[in-house]
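To start, the structure itself, in structure tokens.
What follows draws every value from the coordinates through simple rules; no lab data is involved. Given the structure is predicted, the values throughout are model-derived calculations rather than measurements. Here Cβ is always computed from backbone atoms with ideal geometry, including for glycine, and neighbour counts include all displayed protein chains.
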Amino acid sequence: MRKKWKVAILLLAVISLLGGCFGEKPALEELDSEGKGKIKVLYYDEGSFYSDYGNNFNVKYPNIEFEVINTGTIYQDMQENGTSYEEEYLKFIEKHKPDVIMTGSDSFEKLAQEGKLYNLDTVIEQENFDLDGYMPGLVEMLRERGGGSLYGLAPYFSASIVYYNADLFREHQIDPPRNQMSWKELLELSSRFAGLGSGDDRIYGLSDEFGHADRMLFHVASNSSLRVFDAKGEKVTFNTDGWKEAMELTAKAIRGKAVYTVSLEPEKENTMYFWQTEQFFKGKVAMMFGSGWLISDLRNRPKHDSDIQDINWDFVTAPVDPAAPEESAFTVLDSIYAIAADSPNKRAAWEFVKFVNGPEMAKAASRSFRGQLPTRMDAMKEVDGKSTEAFYMLRPKASGGSVWGGSNVNLPDGFHMAFSNIIIKELKAMVENGKSAEEAVAAIETEGNAALQQAREAAKAKEQAGKK
């Protein structure tokens, strides 16, 4: 018996050695000896693709050719067919059969669930591709969207934060904002500036980067994962306790002069939106809630505007939901890169996805920072001498996203503006005339559904007229 065991152990050892000698079968076949390949890639347009990725990639892989599929036509198809972006996007993929798919979170999840994406787990494991350097929660969220497997990687993200004028807080002996405040806490802090100054020299505590009342409301609502539409995206559901609370918080802050807004008047069609940073630069707004893209304005505007002075600014995280203080509803993956499951060029496609998500591109992005941040944390430790910790310390919220819902929601032309004006009208009634939140949310739901129906009928009539 002992002899048999010795023989068995010897055989196992030989098998193990043989496995080590020959190596396990690669997940993907290697490129040919000349490194040639050709891949179809979804991107916004060809020029931007080569500027952002293609030129750098071809330095390393000069024999891999690209065919860039312009995604801009998807929006035109939406308008012509009266469909949602997701519907047209999925049809677009079926039509063009790209090897590398650039997608958003909602479409990524649907494509993964339908088996349209290649599972990256095996090739990542075989090639020891580094996943540890990514920001907290990123890989976990992508796996969750992929049902436990990793079907794509995201090289960049966008995040909104709270900027503040440190000198203004010091001057008025008010403690500056801190990381992971709730919206209620932030609005209470902003109220401490109410009553300081008067007339044109009044100081406000907080502003949205565009200064619009409805946007501030939607920011407050995002933390509680509130949505304008029902789960199917068919009707407005606004008459809820969550929306009532958000309306009360926002109206109270505006009424008390804690929050600066451009106006409470309805907006006109084709209204142009501009950053409202001037009040912040002039010391008339203590805090500003906005995206990372604002840093370019804070950097450059004093250089080109003689009326603007450099200010001592800093930033903290966006407000969080107290029930989930480690997550942010304002951290968004800009683009996820995946490989089509039926792609005949998976190896070349993987080399591209790996390159785009690698440390070299992350480092390059940090040197030309404009607003997007590399998802690899070590690539960008500071910006203008300020720590980037506030951008990276919160995980993307699993149920995050716009109050307008996911890509399954089809917003017909004209509805967005009409609904925003309904919101502004009801906020104005609460601020100036004492209308209750209960009455306001009920009116918004009723009028919102009427506006939605009207916009859908107009879109349908336009579609039918186009077919004649």
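Based on C-alpha pairs under 8 angstrom that are at least 6 apart in sequence, the range 130-259 has a relative contact order of 21 percent. In percent, rounded to a whole number, the relative contact order of the chain is 25, using alpha-carbon pairs under 8 Å and six or more apart. If Lys and Arg each add +1 and Asp and Glu each add -1, what is the summed charge of the other residues whose beta carbon sits under 14 Å from the beta carbon of Glu234? Around Glu234, the charge tally is +2. Think of the chain as a dipole: +1 on every Lys or Arg Cβ, -1 on every Asp or Glu Cβ, centred on the Cα centre; then among Val68, Ser149, Met102, Ser149 lies furthest on the positive end.
If you bin all the Cα-Cα distances of the range 287-365 at 10 Å, starting from zero, the percentages per bin are 13, 26, 26, 23, 10, 2. Taken along its principal axes, the alpha carbon cloud of the range 385-466 reaches lengths of 55, 43, 25 Å, longest axis first. Listed by chain and number, the lysines whose C-alpha is less than 17 Å from the C-alpha of Lys381, apart from same-chain residues fewer than 8 away, are Lys363. Scaled against 2.2 N^0.38 Å for its residue count N, the alpha carbon radius of gyration of the chain is 1.14.
Under 5 Å between amide hydrogens, built in the peptide plane, is the criterion, and for Glu209 it picks out Phe289 among residues at least 5 positions away or on other chains.
When the C-alpha to C-alpha distance is required to be over 21 Å, the pairs from Lys36/Lys110; Lys252/Lys425; Lys284/Lys397; Lys184/Lys232; Lys97/Lys346; Lys257/Lys303 that qualify are Lys36/Lys110; Lys284/Lys397; Lys184/Lys232; Lys257/Lys303. Within the chain, what is the longest stretch that has no GluC sites (Glu not before Pro) placed in a DSSP loop and near at most 14 other beta-carbon atoms within 10 Å? After excluding every exposed loop site, the longest remaining stretch is 327-468. Given a Förster radius of 22 Å and the C-beta distance between Glu439 and Ser182 as r, what FRET efficiency does 1/(1 + (r/R0)^6) yield to the nearest 0.05? E(calc), rounded to 0.05, equals 0.25. Is the shape of the range 332-468 rounded, prolate or oblate, going by the alpha carbon gyration tensor and its root eigenvalues a ≥ b ≥ c, with a/c under 1.5 for rounded and a/b larger than b/c for prolate? Judged from the Cα gyration tensor, the range 332-468 comes out oblate (a/c at least 1.5, b/c at or above a/b). Computed from the alpha carbon positions, the gyration tensor of the range 220-355 leads to an equivalent ellipsoid with semi-axes of 34, 27, 16 Å, biggest first. For the range 290-423, the relative contact order comes to 30 percent (Cα pairs under 8 Å, sequence separation of at least 6). Hydrophobic, long helices, defined as DSSP H runs whose alpha-carbon span along the helix axis is 18 Å or greater and whose mean Kyte-Doolittle value is at least 0.0, occur in the chain at 2-22, 415-433.
Helices in the chain, meaning DSSP H runs of at least 4 residues, each add -39500 (n - 2.57). Divided by all residues, the mean residue ellipticity at 222 nm is -13000 deg cm²/dmol.
Subtracting the Cα-Cα distance of Asn58 and Asn70 from 0.36 nm times their residue separation leaves 2.4 nm of extension gain.
Between Ser158 and Tyr50, residue separation times 0.36 nm minus the direct Cα-Cα distance comes to 36.7 nm.
Taking the Cα atoms of the range 157-275, the ratio Rg/Rh between the radius of gyration and the Kirkwood radius comes to 0.99.
Length available on full extension from Gln454 to Lys363: 0.36 nm per residue minus the Cα-Cα distance, which gives 27.8 nm. Cross-link partners of Lys282 among aspartates and glutamates, defined as those whose alpha carbon lies under 15 angstrom from its own and excluding same-chain residues fewer than eight positions apart: Asp167, Glu171, Asp200, Asp201, Glu209, Asp297, Asp305, Asp307, Asp310. Among the trypsin sites (Lys or Arg not before Pro) within the range 195-239, those in coil by DSSP and having at most 14 neighbouring Cβ atoms inside 10 Å are Lys232, Lys235.
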